[in-house]
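Q: Take this structure first; my questions come after.
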Amino acid sequence: MKFSNRVGSMQASPVRKLVPFANAAKKEGVKVYHLNIGQPDIKTPDGFMNAIRAFDQDVLKYADSVGSDELVEAMINYYKEYDIHFEPGELLITNGGSEALLFCMLSLCDDGDNILVPEPFYTNYNGFATCVDVKIKPITTKAENGFHLPSKEEILSRVDDKTRAILLSNPGNPTGAVYTREEMEMLAEVAIEKNLWIIADEVYREFVYDGLKYTSFGNLENVQDRVIIVDSVSKRYSACGARIGSLASKNKDFIAQVLKLCQGRLCVPTLEMIGAAELYRTPKSYLAEVNAEYCKRRDVLYNEIMKIDGLVCEKPTGAFYIEAKLPVENAEDFVIFMLNEFRHNGATTMATPSEGFYATPGLGRDEVRLAYILKEEDLKAAAECLKLGLEAYKAKGNK
């Protein structure tokens, strides 16, 4: 039977495609330290489950396609804390940030259009774009300068008559980069000059370290007619399984167009929205504690992996990922070796090969993304496995 070219051309998720190797190792009794996926182990605030347990209606009905009034109001109040002022009619609840990203591409682009994205980038940007016949045009960033943006001239050189938007995560996934206000204002200038949308993926907004000041694209007044903020409860409140995201924009025409897509999929799950509304009422002290915990974990993992001969990376300043260049030619082959063959004290480490985070062929082949989402003692053990695993891999004659 024939499948579509669209699905055939989509890449498998580099984050998830090696899971069968990890599952096989676990069946052998091996402990796998999962640094491959951004699944926090921090406790979800009690309010989420308590709100769902308190649900007492005879019929579980469809919710409004926009999202529940309660959750929309809770999110509007949350944004006010960041001096971002939305009102009803400027925010849509989505099935995770993933649906929000997909709906953006469907609403802004036609077949053959392209979107500028700093690379390395969240790999699903490419997956979503491919499935709707949109091309990702990369803006290459490098570890040597902390994955910050190149010059305005270089970015302008990537724009053509098919470019519709600039998409970026801030803080960055997988890089952990936090863009400066000057970088953001430069992108705003490009967007205005070339009449582009800015799709700001800000799901890691709370994870900024070292005293850096975070600026949202929602704080840049001169581009409010073209800024779209993608958000999610997944990382912020350690609620990845809730699948609650959102799209917010002061451009009400954009919201009206996306609403058609929201109506087509009917609604977001009612119970999850009830729980998520309570998440947004979580005291800010929770977020401060989580930030401090991830900062500690970052320092632990970074300090440990920097003991590895030949490994190159810059200390990230946001999110909870480290993008590292390994002393190997093929990081995916090494990750598979770790899962299939390497064991230390009955354990091994799983990383994410980074080639799938790039659109430029050949880049990222020797890099991995490491998520510092485990407890400190586990991060130390995982780094030790990584170090010893690299030594064993090289000893077998691998490059």
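Q: Let me know the volume per residue of the alpha-carbon convex hull for segment 46-280, in Å³.
A: Residue-normalised Cα hull volume stands at 120 Å³.
Q: Then there's this: If you take all C-alpha pairs in segment 1-101, what percent of them are over 22 Å apart?
A: 61
Q: Extension gain L212-A288, at 0.36 nm per residue separation less the Cα-Cα distance, in nm?
A: Details: separation 76, 0.36 × 76 = 27.36 nm, distance 1.41 nm.
Value of the extension gain: 26.0 nm.
Q: Excluding ligands, DNA and RNA, what is the solvent-accessible area per residue of segment 313-373 at a probe of 1.4 Å, expressed in Å²?
A: About 30 Å² of surface per residue is accessible.
Q: Here's a follow-up. Return the loop-located trypsin sites (Lys or Arg not before Pro) in segment 1-73 (DSSP other than H, G, I, E, B) with at most 13 other Cβ atoms within 10 Å of their own Cβ; answer none if there are none.
A: Those satisfying the criteria are K2, R16, K43, K61.
Q: So, one more: Where in segment 29-98 are there GluC sites (Glu not before Pro) that are in a DSSP coil and have at most 12 other Cβ atoms within 10 angstrom of their Cβ?
A: Listed in order of number, the matching sites are E81.
Q: Continuing with this model, one more query. Under the Kirkwood approximation for Rh and a Cα-based Rg, what ratio Rg/Rh is obtained for the chain?
A: Dividing the radius of gyration by the Kirkwood radius yields 0.96.
Q: Among N95, Y237, L374, whose Cα lies farthest out toward the positive end of the dipole of the chain, if unit charges sit on the beta carbon of Lys, Arg (+1) and Asp, Glu (-1)?
A: Towards the positive end, the residue furthest out is L374.
Q: I'd like the accessible area for C267: 1.4 Å probe, protein heavy atoms, all chains in place, Å² to the nearest 10.
A: In the full protein context, C267 sits at about 30 Å².
Q: Once both labels are modelled 7 Å past Cα along the beta-carbon direction, what's the Q224-M10 spacing in nm?
A: Each label point lies 7 Å from its Cα, and together they span 3.7 nm.
Q: I've got another one for you. Enumerate the whole-percent occupancy of each 5 Å bin, from 0 to the last occupied one, for all C-alpha pair distances of segment 178-220.
A: 5, 21, 30, 23, 12, 6, 3
Q: Starting from the 7 Å offset along Cα-to-Cβ, what nm value, one decimal, do you get for the label separation of N340 and E189?
A: Calculated label separation equals 5.1 nm.
Q: Counting Lys +1, Arg +1, Asp -1, Glu -1, what net charge surrounds E304 among other residues with beta carbon under 14 Å of its beta carbon?
A: Details: positive: K296, R297, R298, K307, K315, K375, K380, K387; negative: D299, D309, E376, E377, D378, E384.
Local charge sum for E304: +2.
Q: Here is a further query. When the chain is fully extended, how far beyond the present Cα-Cα distance does C240 get from K307, taking 0.36 nm per residue of separation?
A: Stretched fully, the C240-K307 segment lengthens by 20.9 nm.
Q: Then there is this: On average, how much accessible surface per residue is there in segment 46-280, in Å², for a 1.4 Å probe, leaving out ligands, DNA and RNA?
A: Per residue, segment 46-280 has an accessible area of 40 Å².
Q: Around G89, what is the net charge, scoring Lys/Arg as +1 and Asp/Glu as -1 over all other residues with Cβ under 14 Å from its Cβ?
A: Details: positive: K250, K252; negative: D64, D69, E73, E87, E90, D253.
Neighbourhood net charge equals -4.
Q: Carbon and sulfur together cover what percent of the accessible area of the chain at a 1.4 Å probe radius? Before the final figure, lay out each step's value.
A: Details: 8640 of 17250 Å².
Exposed carbon and sulfur together represent 50 percent of the surface.
Q: Sort segment 118-231 into rounded, prolate or oblate with this rule: let a ≥ b ≥ c be the square roots of the eigenvalues of the Cα gyration tensor; rounded if a/c is under 1.5, and if a/c is not under 1.5, prolate when a/b is larger than b/c, oblate otherwise.
A: rounded
Q: How high is the FRET efficiency between R265 and D83 when r is their beta carbon distance and R₀ equals 41 Å, given to the nearest 0.05?
A: On the way: r = 32 Å, r/R0 = 0.78.
The computed FRET efficiency comes out at 0.80.
Q: Of N170, S157, F86, which is farthest towards the positive pole of segment 46-280's charge dipole, taken about the Cα centre with +1 and -1 on the beta-carbons of Lys, Arg and Asp, Glu respectively?
A: The Cα lying farthest towards the positive end belongs to S157.
The values are calculated or read from the model by the stated rules, or taken from the named source; none is laboratory data. Just so it is clear, the structure is predicted and the values come from calculations on it, not from any experiment. Note that each Cβ is placed from the backbone with ideal geometry, even for glycine, and that neighbours are counted across all protein chains shown. To get the accessible areas, we keep the full protein, side chains included, count just its heavy atoms, and leave off ligands, DNA and RNA. Shrake-Rupley method; radii C 1.70, N 1.55, O 1.52, S 1.80 Å.
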